[in-house]
Each structure stands twice: as structure tokens, then as C-alpha cells.
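Trainee: Please find one structure pasted underneath; my questions will follow.
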Amino acid sequence: MDAKVAQRLAEVLTAQRDAILQGWVTTVRETLRGRLTDAELRRQLDEVYVALVATFESGATTVNASSAGELTGVLSDLSRSRAQHGFSATETAISVFALKEPVRAVIGEDTAALSDHAAFSGFLDQLGLFTFETYVAARDALISEQAEQLLELSTPVVKLWDGIVAVPLVGTLDSARSQVVMERLLQALVDSGSPYAILDITGVPAIDTQVAQHIMKTIVAAQLMGAQCVISGIRPQIAQTIVSLGIEFGEIVTKANLADALQYALRQQDVEIIRRTGRSAV
Amino acid sequence: MSVDRIPVLTLGDVLLVSIQVDLEDQLALRLQDDLAERIVAVGARGVIIDITALDIVDSFVGRTLATIASVSKVLDAETIVVGMRPAVAITLVELGLQLPGVRTALNVEYALDMLAASRLAESPVVDLADTAPAAP
């Protein structure tokens, strides 16, 4: 596409503005099935349309041209907002491609017009790809952000008693998470001056050699710092896996559930729990 | 500022050493000598080594600590290393380094408790019934 074609397209788009925009909005509205209000959709597409006409008027022939900067800006805003609102990639890209048809309807039937339209189509394809890429980038950013939040959320270190902290592990443990758990737990031991830590793995669905390795490392590191770790909540399935994998827990104390582990830690600290009997039943 | 020896403090029958600088060869040897002498001179039953200030514990420092522990043990004193930082502990584990014969505690307070507890365990059994006044 050369600058002259761009100029001619700009003229067509300006002259037939209302008809084209109406056709475009109608097509896009069908694909979105009412998840966006008409006014909102019209505002968005109008914005893109204005930027597109301005781009053609400035004689830009590719999406990468510097004068297409505004257009790409508007489009990336559009696709980012689509990505965040849960629209699919197709629904996002079709917002661009749907402009082809209304333009073809008004551009005329002669050879020159058709060749202009072919150039226009090519330009729209580039725009569509651009939209798609922005959409994917926005999705990726969203996913990694959520993964990070999940990592933060899923590894709390809670204080159970003076000198006893617990880490309830929920979900799959991988290297990255184990690392976070390890650092958090050890730091919590230092900060709270707790000589006992309970690693509760009730919520861990499966365990493999690598995960076991990480747990062992955490425990040995805690021992080096002068604290003792107890593992609790080993489910029967996991106990069998541990044995069949040949993992040796050595001298590490394991308890069936968190209550037993707490009781063990309390006892190690010479704390006795006494049930008060002889109280009148209410 | 260069330090040519690490101070050894005496707390009753416990020796307290706080390592604040990088442990170099000469310094480490000197510390071993000093400690051995002081244990005998004071009749110490426990040695507490505080490494809170150490960012790095390499195999040399690890070996020094283990040696101190062995020497103290021969002289009938228990060695407890306190205040190891999480990062240091993780590094030691990742490198597969161990501190054989060295007990650890989170801080000096716990270490003193541990020493008191093990002394209690060692002391001869006192049967309270014997010392109690005979029942009429």
C-alpha cells in the first residue's frame, strides 16, 4: 500500500463514515452477544475509527509507521480492556476484522476500488495481529500477576503458641513455592524467636522426591538455626508414596495431625494441658 | 580496622563469644587457643558462639566451629552456636555442609536454657524423699 491508496481510503472512510461505522458496530455487536452496552461499543469503535482515518490521512502505510502510533495506542487499550473483561481472543480480533465488510460494501465494484480494498484488508490484517499480540501480552501479565498473588497468599506462617509457629501448606508444592515457604518459615523463626515449627501438609495433594527434598532442606536449615521442625498431616496415600519412593525422613518428627504436633511441641516446652474436670454440665 | 583477637566473655561458668568480623585463619586459630585456655581457667561447662553478624559461613568457618566444639567437648564443655541467619542456614544446606557435634539455638537466651537443662540432667539424682523431714 502506498501513500496515495492511503489517501483515497481516508477519503472513502470520511465520506461514508456513518454507513461504515453503523455496519461495523452491528457486526461486532453480534459477536459480543450483549456483553458490552451499545453506547460503550460505539464509543470504543468510534475512537478506533477516528484514529484509523487520521493514520490514513497522515499517509502511514504500515502499522509500524510512527504516524500510526495513536491508532496502535487506541487498539492496545481496547484489547487490554477486552482481555481484562474476559473476552476471548477471537472476539477481540474480530472487532478489527469486522471493518472489512462494511468498507467493501461502500467502496464500489471497479478494479481500482477492489485493489484499494485489498490493500485496506492487508492493513486490517496487520492491525488484527497487533490486537491479538496485545491481547495475549495483557493475558500473560494478568496470569503472572495472579500467580504472584497466589504465592503470597498461600504461604502464611501462623503463631500457635509462644515459641511455636506453623505453616499450613495448601496446594501443589513446586521448587519456587518451596523456596518461598523455606525463606518465610526461617525468617519467622528468627523474628518470633520460636524454637518449634510445624509444617502441616494436609493440603498437599501429592508429594514427589523433589518436594520431599525441599521439605527436608527446610527442616535441616531450621535445625542449623537451632529450631526443631515437626511435620504433620501426612495422609495415608502420601505416607505410602514416601515409603515407595525410598525417602528417608530420618530423625524428623512426624505426627498424624496438627493437634498431635502442637501437643508434641508443647510437651517439649514443658507445657502441660490439663482438662478441668468436675465442672457442672451446662 | 583490623581485629587481632575475638573477645571471650565469661558469664558464670559459661563462655560467650560473639563473632562480629570475618573469621580469617589467624583469627580462628587464636580463638581456638583462647577458648581452650579459658575453658580450663574458668572451669567452663558451656561455650556459646554468637554468629548473628556473619553473612557468610563457608566450609572454613564451619570446620572452625566444629573444631571448637570437639576441643570443648574434650574439656567437658558443651558448644552451642546461636543466631544463624536464615540465608546462611539455607546456603549451608544447599552446599551440604554440616556442623558435626555442634548444637544450635535461636538466641543466647535459649542457649543458656539448654545449658542449664543439660547440667540438670547430668547432676546426680537427688531423691526429694530422702531430704524431706521424716514423717512423724
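The values are calculated or read from the model by the stated rules, or taken from the named source; none is laboratory data. Everything numeric in this text was worked out from a predicted model, so none of it was measured. Don't worry about glycine lacking a Cβ; one is built from the backbone with ideal geometry, like all the others, and counts go over all protein chains shown. For accessibility, only protein heavy atoms count, side chains too; no ligands or nucleic acids. Shrake-Rupley method; radii C 1.70, N 1.55, O 1.52, S 1.80 Å.
Trainee: So residue A:173 fits all but one of (1) open to solvent by less than 20 Å² (accessible area, probe 1.4 Å); (2) within 14 Å of chain B (Cβ to nearest Cβ); what number is the exception?
Mentor: Failing condition for residue A:173: (2).
Trainee: Might you let me know whether segment B:98-119 holds any residue that is of a type in the set (S, T, N, Q), touching a helix residue (DSSP H, G or I) at 6+ places or on another chain (Cβ under 7 Å), surrounded by 16 or more Cβ atoms within 10 Å (Cβ to Cβ) and touching a residue at least 40 places away in the same chain (Cβ under 8 Å)? If you could, list the steps in order and put the result at the bottom.
Mentor: To start, the set of residues in segment B:98-119 that are of a type in the set (S, T, N, Q) comprises B:98, B:104, B:107, B:118.
Remaining after also requiring touching a helix residue (DSSP H, G or I) at 6+ places or on another chain (Cβ under 7 Å): B:104.
Narrowing further to those that are surrounded by 16 or more Cβ atoms within 10 Å (Cβ to Cβ): B:104.
The next check asks that each one be touching a residue at least 40 places away in the same chain (Cβ under 8 Å); those that pass are none.
No.
Trainee: Go through segment A:144-165 and give me each residue that's under 19 Å from residue A:189 (Cβ atoms) and either part of a helix (DSSP H, G or I) or open to solvent by 100 Å² or more (accessible area, probe 1.4 Å) (or both). Break it down into steps so the answer makes sense when it comes.
Mentor: Step one: filter segment A:144-165 for residues under 19 Å from residue A:189 (Cβ atoms), giving A:155-165.
Of everything in segment A:144-165, those that are under 19 Å from residue A:189 (Cβ atoms) and either part of a helix (DSSP H, G or I) or open to solvent by 100 Å² or more (accessible area, probe 1.4 Å) (or both) turn out to be A:159, A:161, A:162.
Trainee: So, one more: For segment A:46-97, give me each residue that is within 30 Å of the chain's Cα centre (by Cα), surrounded by fewer than 20 Cβ atoms within 10 Å (Cβ to Cβ) and of a type in the set (S, T, N, Q).
Mentor: Scanning segment A:46-97 gives A:64, A:72, A:76, A:81, A:84, A:88, A:90.
Trainee: What number goes with the only condition from (1) in contact with a Gly (Cβ under 8 Å, 6 or more places away or on another chain); (2) at pLDDT below 85 that residue A:102 does not pass?
Mentor: Of everything listed in (1) in contact with a Gly (Cβ under 8 Å, 6 or more places away or on another chain); (2) at pLDDT below 85, residue A:102 misses just condition (2).
Trainee: Mind checking which helices (runs of 4 or more DSSP H) fall wholly inside segment A:1-115 and carry at least 2 residues that are in contact with a strand residue (DSSP E or B) (Cβ under 6 Å, 6 or more places away or on another chain) and of a type in the set (S, T, N, Q)? So that I can check it myself, show each step before the final result.
Mentor: Details: elements: A:3-15, A:17-32, A:38-57, A:69-84, A:89-97, A:100-107.
Because the criterion is at least 2 residues that are in contact with a strand residue (DSSP E or B) (Cβ under 6 Å, 6 or more places away or on another chain) and of a type in the set (S, T, N, Q), no helices (runs of 4 or more DSSP H) in segment A:1-115 meet it.
Trainee: Could you please find all residues in segment A:231-282 being hydroxyl-bearing (Ser, Thr, Tyr) and closer than 30 Å to residue A:208 by Cα?
Mentor: A:232, A:241, A:244, A:254, A:264
Trainee: Please state which of the following conditions residue A:215 fails to meet, knowing it meets all the rest: (1) β-branched (Val, Ile, Thr); (2) more than 14 Å from every other protein chain (Cβ to nearest Cβ); (3) under 28 Å from the mean Cα position of the chain (by Cα).
Mentor: The single condition residue A:215 does not satisfy is (2).
Trainee: Being modelled with pLDDT of 85 or more, more than 19 Å from residue A:160 (Cα to Cα) and within 14 Å of chain B (Cβ to nearest Cβ) is the filter here; which residues of segment A:224-264 pass it?
Mentor: Matches in segment A:224-264: A:224, A:225, A:252.
Trainee: Out of all the residues in segment A:190-208, is one or more touching a Ser or Thr at 6+ places or on another chain (Cβ under 8 Å) and within 14 Å of chain B (Cβ to nearest Cβ)?
Mentor: No, every residue in segment A:190-208 fails to be touching a Ser or Thr at 6+ places or on another chain (Cβ under 8 Å) and within 14 Å of chain B (Cβ to nearest Cβ).
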